1. Does the range 24-42 hold any residues that are loosely packed, with under 12 Cβ neighbours inside 10 Å and either modelled with pLDDT of 95 or more or over 23 Å from residue 67 (Cβ atoms) (or both), and which are they?
2. Taking the options 52, 12, name whichever one is touching a strand residue (DSSP E or B) at 6+ places or on another chain (Cβ under 9 Å), crowded, with 18+ Cβ neighbours inside 10 Å and in a helix (DSSP H, G or I).
3. Is it the case, given these coordinates, that residue 95 is out of contact with any strand residue (DSSP E or B) (no Cβ under 9 Å at 6 or more places or on another chain) and more than 20 Å from residue 136 (Cβ to Cβ)?
4. Condition (residue is under 17 Å from the mean Cα position of the chain (by Cα), without any contact (Cβ under 8 Å) to a residue 12 or more places away in the chain and exposed (fewer than 14 other Cβ atoms within 10 Å of the Cβ)) applied to the range 88-106: is it met by at least one residue?
5. List every residue pair whose Cβ atoms sit under 7 Å apart, with the two residues 6 or more apart in sequence or on different chains, where the first one lies in the range 1-21 and is within 14 Å of residue 64 (Cα to Cα) and the second, anywhere, is part of a helix (DSSP H, G or I).
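The values are calculated or read from the model by the stated rules, or taken from the named source; none is laboratory data. Nothing here was measured: the structure is a model prediction, and the numbers come from that model. Quick reminder, even Gly has a Cβ in these numbers, built from the backbone with ideal geometry, and neighbours come from all protein chains shown.
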């Protein structure tokens, strides 16, 4: 799990950095709300996603000012088929969400697009896209 959540984003960003500098590109890592609110029974997952948020901030310092590095942390977007989530039943999770709905892949894509194209003065930031779930 460490290889997927930490090493891969680090090595990929390092390899892409020369090209990103030339093109003025940016990096958006995909985190998870469980990096900040650990999920019981998913210790390695929560810890490595927390590490990804730290990596995002560290890379923003290392690669700035030429390259901006941010992350997006989704809440519930898609359900596993025929299975309740590990942190409650589906309806209960929707009720513990300020917007009272599940997010869509388009919600996450819009956040990534914003950070890449519409936020030139944002770096080292984790944009939580969870419908207000972390409020509860």
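1. Across the range 24-42, the qualifying residues are 40, 41.
2. 52
3. So residue 95 fails the test.
4. Within the range 88-106, one or more residues are under 17 Å from the mean Cα position of the chain (by Cα), without any contact (Cβ under 8 Å) to a residue 12 or more places away in the chain and exposed (fewer than 14 other Cβ atoms within 10 Å of the Cβ).
5. 13/59; 17/63
Here's the yes/no breakdown for (1) at positive phi; (2) modelled with pLDDT under 95:
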site	(1), (2)
75	no, yes
88	yes, yes
94	no, yes
111	no, no
115	no, no
122	no, no
130	no, no
134	no, yes
